[in-house]
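Here is the structure we will look at.
The values are calculated or read from the model by the stated rules, or taken from the named source; none is laboratory data. From a predicted model like this one, the values you see are computed outputs, not experimental measurements. Reconstructed Cβ throughout: ideal geometry from the backbone, glycine too, with neighbour counts over all protein chains shown. For the accessible areas, the whole protein counts, side chains as well, though only heavy atoms, and no ligand, DNA or RNA atoms are used. Shrake-Rupley method; radii C 1.70, N 1.55, O 1.52, S 1.80 Å.
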Amino acid sequence: MEPSPKDGESAAAAEPSRGTAPSSGVVVQVREKKGPLRAAIPYMPFPVAVICLFLNTFVPGLGTFVSAFTVLCGARTDLPDRHMCCVFWLNIAAALIQILTAIVMVGWIMSIFWGMDMVILASKYS
């Protein structure tokens with residue numbers, strides 16, 4: 001005699017597992033959706049990105065401020081449909097947010113992560 005499933009258990013859970021065929025090859029692509037500030041981070045040469053990371057680590061927002069000027073020098077961003085001046089001001093806004101919120105450590109942490117994103121984008125760009 002087979003025991004019946006207890007309350008809260010499904011009958012499927014009580015059955016012994018049957019041999020299942022291996023799943024067919026399903027390709028799943030994950031794409032990160034970036035907000036406008038994050039997408040405005042410029043693709044810079046690797047040494048410039050490392051300098052911006054260094055600046056952001058010790059003076060929050062300074063590396064982001066410097067990276068804004070690389071946009072004016074022709075650095076590519078993930079916002080191709082926006083004008084260069086708009087992307088420049090988005091980077092200036094990000095720098096100001098980092099500077100103003102550094103007092104409560106949020107801006108400092110954001111600044112370091114921003115610098116790390118710059119280096120990651122620069123390594124992909126190379």
Quiz item: Quick one: would you say residue 95 is without any contact (Cβ under 8 Å) to a residue 40 or more places away in the chain, open to solvent by less than 80 Å² (accessible area, probe 1.4 Å), among the small types (Gly, Ala, Ser) and more than 20 Å from residue 46 (Cβ to Cβ)?
Solution: yes
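If you scan region 90-109, which residues turn out to be among the hydrophobic types (A, V, I, L, M, F, W, C), part of a helix (DSSP H, G or I) and farther than 12 Å from residue 57 by Cβ?
Residues of region 90-109 that are among the hydrophobic types (A, V, I, L, M, F, W, C), as a first pass: 90, 92-97, 99-100, 102-106, 108-109.
This time we only want the ones that are part of a helix (DSSP H, G or I), so: 90, 92-97, 99-100, 102-104, 106, 108-109.
Result: 90, 92, 93, 94, 95, 96, 97, 99, 100, 103, 104, 106.
When you look at residue 77, is it at pLDDT below 95, hydroxyl-bearing (Ser, Thr, Tyr), more than 17 Å from residue 35 (Cα to Cα) and surrounded by 15 or more Cβ atoms within 10 Å (Cβ to Cβ), yes or no?
On the way: at pLDDT below 95: yes; hydroxyl-bearing (Ser, Thr, Tyr): yes; more than 17 Å from residue 35 (Cα to Cα): no; surrounded by 15 or more Cβ atoms within 10 Å (Cβ to Cβ): yes.
It is false that residue 77 is at pLDDT below 95, hydroxyl-bearing (Ser, Thr, Tyr), more than 17 Å from residue 35 (Cα to Cα) and surrounded by 15 or more Cβ atoms within 10 Å (Cβ to Cβ).
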Quiz item: Could you list, in sequence order, the residues of region 45-67 that are not in a helix (DSSP H, G or I) and not hydrophobic (A, V, I, L, M, F, W, C)?
Solution: 45, 60, 61
Quiz prompt | Of the criteria (1) closer than 24 Å to residue 33 by Cβ; (2) in contact with a Leu (Cβ under 7 Å, 6 or more places away or on another chain); (3) free of Cβ contacts under 8 Å to residues at least 40 places away in the same chain, which one residue 120 fails | solution = (2)
Self-check item: Number of the condition not met by residue 57 [criteria: (1) β-branched (Val, Ile, Thr); (2) surrounded by fewer than 13 Cβ atoms within 10 Å (Cβ to Cβ); (3) at pLDDT 90 or above]
Solution: (2)
